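Colleague: Just dropping this structure here.
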Amino acid sequence: MGGNEARRPDQEAALPSLPTFSARELETAMEAALLGGFIKVILPRLFSLIDDKYKLHKGVKSDVRFLVKELRMIVGAIDDDDELSAASSTARLSIQDLRELAHGIEDCIDGLMYRATWERQASFLRRSVRLRPPKALKTGAQLAREMQRLRHMAKEAHERKRRYAAGFPAGDGGRPSSATQPVDESPSCPSDPRILDADLVGVDEPLAELLEQLAEGRPSHLKAIAVVGFCGLGKTALAAEVYNRETRSERFERHAWVYAALKSPWEVLAEMLRKLSSGAPPSPCQGKNVLETSDVGQLCAELKQQLVKKRYFIVIDDIRTEDQWKTIKSALPADKDISSRILVTMTIQSVANACSSSNGYVHKMSRLDKMCSKQLFTKKACPDKYSCYKQPDPAEVLKKCDGQPLALVTIGEFLQAKGWPTGPSCEDVCTQIGYHLENDKSFEKMRRVLIHNYTTLLSHALKACLLYFGMFPSNRPIGRKVF
């Protein structure tokens, strides 16, 4: 990277930390994911019971319809509940209630289908032989009572949640207000100060690619460049290096770096305006103290006033949704023959496509190759004062980290704290990686990034799928018959 030390994009404030996920929060999130996926599997089976071929009593069919609607509402509630505090005891107990209800419904479905199937198959034999039903077969009356019990359970669970949640204030849309919900100012998950330094490895090629996109004379109007990839790949570190170089080059009149993670468009635009306004001559609108307004339109107007006819370069770190991007972009002037640039990082490909849909460019982050992985790990794991020692064999670490920069940095610094790493010590930390992630503070950042990757999956079905596949050994084929 040369002798220039990379500066942080925001010199006046340290990078905010990631939100802390406890083991209880992760357990609750996983339970919710499995429950959501399970309900989506049993819903079609429950709905099929309404079919005339099962010859259910009218009252039982009414109970089935009620439970179908109830389960759909449960799935919707779980999907909408993603951003609420999953660590609360109320949330955990509510999920336990719903899980018990879902499994009870599945048992009842099995009983109804078993009875209907037995009755159809035994109809011919009954004519010639006195056939007794198996002991495990429940009578129609028993199944009807079971459906009534489940219906009562569903009503009780709903009433219990409503009753005990009533004492907590809620903000817009039923979500906790700022007085009860912890404020999370986290940037993109790989915004790790340990990586934003002169030890950047394997970024020469992508850095040159992005700098070329910034300098390209065509198009001569506003251009958005999207950097997309999983957490821990170094998107923010790469964007920071680009930003630092551009601020030194003075090719752009105005610069700003803002964090968009878990922030509303208003918060992002307000932060952008503060950054751009520092050292700039006051505009006619500033006397109105536009930052105190809650009107996004006023913020957009002030930003356009600040940037009109000026060549600007703005980095927006960790855009989460297309709507967030559309609102932010609407505030940025697209003057012709100015060649302004926006660099945006994100983890979701569809958001990257939206950002670059008009005269834009998408750069997909890739993992480090074996040589760069070894170079980064060695820099972090082998202290200079022991440089005369024999170099360790990091094969196991490189295999475990699979080119992920944050993982290489975390394990390297952990081993450095223990002294000079050896082959056995490298193998040991890889074998015990699960223990270290759960119990060792050195792995706190890596643990939170992994949980972040899990909790931001788009649906509970995907989360449940990931959890099921997690039961199998890695790098082994899985037969379709297993499922």
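Colleague: Has the range 458-469 got any residue that is among the basic types (K, R) and under 15 Å from the mean Cα position of the chain (by Cα)?
Modeller: Yes.
Colleague: Show me the helices (runs of 4 or more DSSP H) found entirely inside the range 413-481 where at least 2 residues are out of contact with any Phe, Trp or Tyr (no Cβ under 7 Å at 6 or more places or on another chain) and modelled with pLDDT of 85 or more.
Modeller: Output list reads 423-431, 433-439, 444-455.
Colleague: Quick one: would you say K418 is surrounded by fewer than 18 Cβ atoms within 10 Å (Cβ to Cβ), under 15 Å from A381 (Cα atoms) and free of Cβ contacts under 8 Å to residues at least 12 places away in the same chain?
Modeller: The answer is yes for K418.
Colleague: Given the criteria crowded, with 16+ Cβ neighbours inside 10 Å and without any contact (Cβ under 8 Å) to a residue 40 or more places away in the chain, does G403 qualify?
Modeller: Against the criterion (crowded, with 16+ Cβ neighbours inside 10 Å and without any contact (Cβ under 8 Å) to a residue 40 or more places away in the chain), G403 qualifies.
Colleague: Has the range 468-481 got any residue that is among the hydrophobic types (A, V, I, L, M, F, W, C), surrounded by 17 or more Cβ atoms within 10 Å (Cβ to Cβ) and farther than 21 Å from F377 by Cβ?
Modeller: No, the range 468-481 contains no residue that is among the hydrophobic types (A, V, I, L, M, F, W, C), surrounded by 17 or more Cβ atoms within 10 Å (Cβ to Cβ) and farther than 21 Å from F377 by Cβ.
Colleague: Determine whether the range 325-336 contains at least one residue that is among the aliphatic types (A, V, I, L, M) and within 20 Å of the chain's Cα centre (by Cα).
Modeller: no
Colleague: Among what's in the range 187-229 and is touching a strand residue (DSSP E or B) at 6+ places or on another chain (Cβ under 8 Å) and either among the hydroxyl-bearing types (S, T, Y) or modelled with pLDDT under 65 (or both), pick the residue that is nearest to V268 (Cα to Cα).
Modeller: Checking each candidate, the answer is P187.
Colleague: Does W266 qualify as being within 26 Å of P405 (Cα to Cα) and modelled with pLDDT of 85 or more?
Modeller: No; evaluated as a whole, the condition is false for this residue.
Colleague: Another one. Looking at (1) hydroxyl-bearing (S, T, Y); (2) part of a helix (DSSP H, G or I); (3) touching a residue at least 24 places away in the same chain (Cβ under 8 Å), can you tell me which one Y389 breaks?
Modeller: Here Y389 meets the rest and fails (2).
Colleague: For the range 328-336, check the following and say yes or no: at least one residue is in contact (Cβ under 8 Å) with a residue 24 or more places away in the chain, buried (at least 21 other Cβ atoms within 10 Å of the Cβ), touching a Phe, Trp or Tyr at 6+ places or on another chain (Cβ under 9 Å) and farther than 30 Å from T422 by Cβ.
Modeller: no
The values are calculated or read from the model by the stated rules, or taken from the named source; none is laboratory data. All of these numbers come straight from a predicted model, not from anything done at the bench. As a convention, Cβ positions derive from the backbone with ideal geometry for all residues, glycine included, and neighbour counts pool all protein chains shown.
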